[in-house]
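Take a look at the following structure, please.
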Amino acid sequence: MTTSIPHITEREIRQHVTYRQAMEVLREALRTDIDPSTDFPRQILEVGDGRQLLFMPSTSSRWTGTKLISVNPHNTARNLDRIQGFYLLMDAETTTPRALIDGAELTELRTAALSAAVADKLLPHDARRVVLWGYGAQARAHLLALKEIRPSFEHVVVTGRDQVKAEMFAANAVEHGWQARIGDAMAPEVAVPQADVIITVTGAQDPLFDGSQVRPGTLVLAIGSHNADHREVDSTLMANSTIIVEDRATALREAGDIVMAVEEGVLDPADLIELRDFFENPSIVRRDRPIVYKSVGMSWQDLVVAGEVYERVPQAGRR
């Protein structure tokens, strides 16, 4: 190669790609080009003290690429991003590198966009109330994505271990049009039964709330964990819910919320609904019980959205 690889920054992604655009390209990829069951498994290197390096390659008819990111649970206390890294996007036919893309922003975009794509098929048009566990980058991205598909959303209760950070996040949400409260002002046992959507985007190892309090029809977006021994939601909720996953085999390998519920005998793996089937026929989801979308994040999602980012960010904006 005689030219440098363009670098697409966080700012450029936010300027040129909307959550709805990412939603649409993800749904279309599942319909036409991507089978999650054949995706390359995520490679995780444990580097000590809870820190991980993740290597996530994937390929499609148009693109090939890989994401290399670090996950560091201690960075929150340092006021640093928990997830950092980059995505290398290549042409599928020639394998020529086309761009280096900010990995953290790409992860935020594709994760929240896919959650919003699920929510868009399930939520009433007048959905208003969100209960949110977490106050990091994915929390921000999920509120923005939900607001994009349902401008009717008004109320969010923000809960987390650090009250100061929860208060700061809530204050920022107010600036973006939300009526925000923190968990200390509205206890989870009050907020959860009222929620249209419950979002968990934490590094929790144990369940965050009592699943018996979730009413039928409520959508739970369980996003924060990709470890088989971690879970954000309890087996009571998993036993009583319709559960959507990106891919059954991946969920049974990586999603502790599901792995532990299966081990406890309250969940049959055959009952898991795969994302591809859900988008093809949303009516397969029962509305007379809670609905859980459990995501661990997969390599194909990064690839698809990275290609969309490359196509939408103007050439002049790359460096």
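Residues are listed down the side, and each one gets a yes or a no for (1) over 14 Å from ALA239 (Cα atoms); (2) outside any helix (DSSP H, G or I); (3) modelled with pLDDT of 95 or more:
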position: VAL262; (1), (2), (3): no, no, yes
position: VAL266; (1), (2), (3): no, yes, yes
position: ASP277; (1), (2), (3): yes, no, yes
position: ARG289; (1), (2), (3): no, yes, yes
position: TRP300; (1), (2), (3): yes, no, yes
position: LEU303; (1), (2), (3): yes, no, yes
position: VAL309; (1), (2), (3): yes, no, yes
position: ALA316; (1), (2), (3): yes, no, no
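Farther than 30 Å from ALA204 by Cβ and touching a residue at least 60 places away in the same chain (Cβ under 8 Å): is that true of ILE5 in this structure?
For ILE5, the condition - farther than 30 Å from ALA204 by Cβ and touching a residue at least 60 places away in the same chain (Cβ under 8 Å) - is met.
Which residue out of ALA255, ALA222, ALA251 is in contact with a strand residue (DSSP E or B) (Cβ under 7 Å, 6 or more places away or on another chain) and within 20 Å of TYR135 (Cβ to Cβ)?
Only one candidate passes the filter, namely ALA222.
For region 227-246: of the residues being over 19 Å from LEU132 (Cβ atoms) and in a loop (DSSP other than H, G, I, E, B), which is modelled with the lowest pLDDT?
Result: ASN227.
Among (1) part of a helix (DSSP H, G or I); (2) aliphatic (A, V, I, L, M); (3) under 24 Å from THR96 (Cα atoms), there is one condition MET23 misses while meeting the rest; what is its number?
(3)
Would you confirm, using the coordinates I've provided, whether VAL220 is part of a loop (DSSP other than H, G, I, E, B), of a type outside the set (Phe, Trp, Tyr) and surrounded by 23 or more Cβ atoms within 10 Å (Cβ to Cβ)?
Considered against the rule, which asks whether it is part of a loop (DSSP other than H, G, I, E, B), of a type outside the set (Phe, Trp, Tyr) and surrounded by 23 or more Cβ atoms within 10 Å (Cβ to Cβ), VAL220 comes out as no.
Here is a follow-up. Does ALA249 satisfy the condition of being assigned to a helix (DSSP H, G or I), surrounded by fewer than 17 Cβ atoms within 10 Å (Cβ to Cβ), in contact (Cβ under 8 Å) with a residue 24 or more places away in the chain and in contact with a Ser or Thr (Cβ under 7 Å, 6 or more places away or on another chain)? Break it down stepwise before answering.
Working: assigned to a helix (DSSP H, G or I): yes; surrounded by fewer than 17 Cβ atoms within 10 Å (Cβ to Cβ): yes; in contact (Cβ under 8 Å) with a residue 24 or more places away in the chain: yes; in contact with a Ser or Thr (Cβ under 7 Å, 6 or more places away or on another chain): yes.
Spelling it out, ALA249 is indeed assigned to a helix (DSSP H, G or I), surrounded by fewer than 17 Cβ atoms within 10 Å (Cβ to Cβ), in contact (Cβ under 8 Å) with a residue 24 or more places away in the chain and in contact with a Ser or Thr (Cβ under 7 Å, 6 or more places away or on another chain).
Taking region 87-102 as the search range and keeping residues that are in contact with an Asp or Glu (Cβ under 8 Å, 6 or more places away or on another chain) and under 21 Å from TYR19 (Cβ atoms), which one is surrounded by the fewest Cβ atoms within 10 Å (Cβ to Cβ)?
Among them, the one singled out is ASP102.
Another question about this same structure. For region 75-86, which positions are over 19 Å from ALA141 (Cα atoms) and either in contact (Cβ under 8 Å) with a residue 60 or more places away in the chain or buried (at least 16 other Cβ atoms within 10 Å of the Cβ) (or both)?
Listed by number, the list is empty, since nothing qualifies.
A further question on this structure: Take the conditions outside the structural domain of TYR19 (by TED's automatic domain parsing), assigned to a strand (DSSP E or B) and either of a type outside the set (Ser, Thr, Tyr) or surrounded by fewer than 20 Cβ atoms within 10 Å (Cβ to Cβ) (or both) and apply them to VAL192. Does it pass? Before you say what the answer is, go through the steps one by one.
On the way: outside the structural domain of TYR19 (by TED's automatic domain parsing): yes; assigned to a strand (DSSP E or B): no; either of a type outside the set (Ser, Thr, Tyr) or surrounded by fewer than 20 Cβ atoms within 10 Å (Cβ to Cβ) (or both): yes.
Judged against the criteria, VAL192 is not a match.
Based on what the data block shows, is VAL296 surrounded by fewer than 21 Cβ atoms within 10 Å (Cβ to Cβ) and within 19 Å of ALA116 (Cβ to Cβ)?
Considered against the rule, which asks whether it is surrounded by fewer than 21 Cβ atoms within 10 Å (Cβ to Cβ) and within 19 Å of ALA116 (Cβ to Cβ), VAL296 comes out as no.
The values are calculated or read from the model by the stated rules, or taken from the named source; none is laboratory data. Just so you know, these numbers come straight off a predicted model, no measurement behind them. Note that each Cβ is placed from the backbone with ideal geometry, even for glycine, and that neighbours are counted across all protein chains shown.
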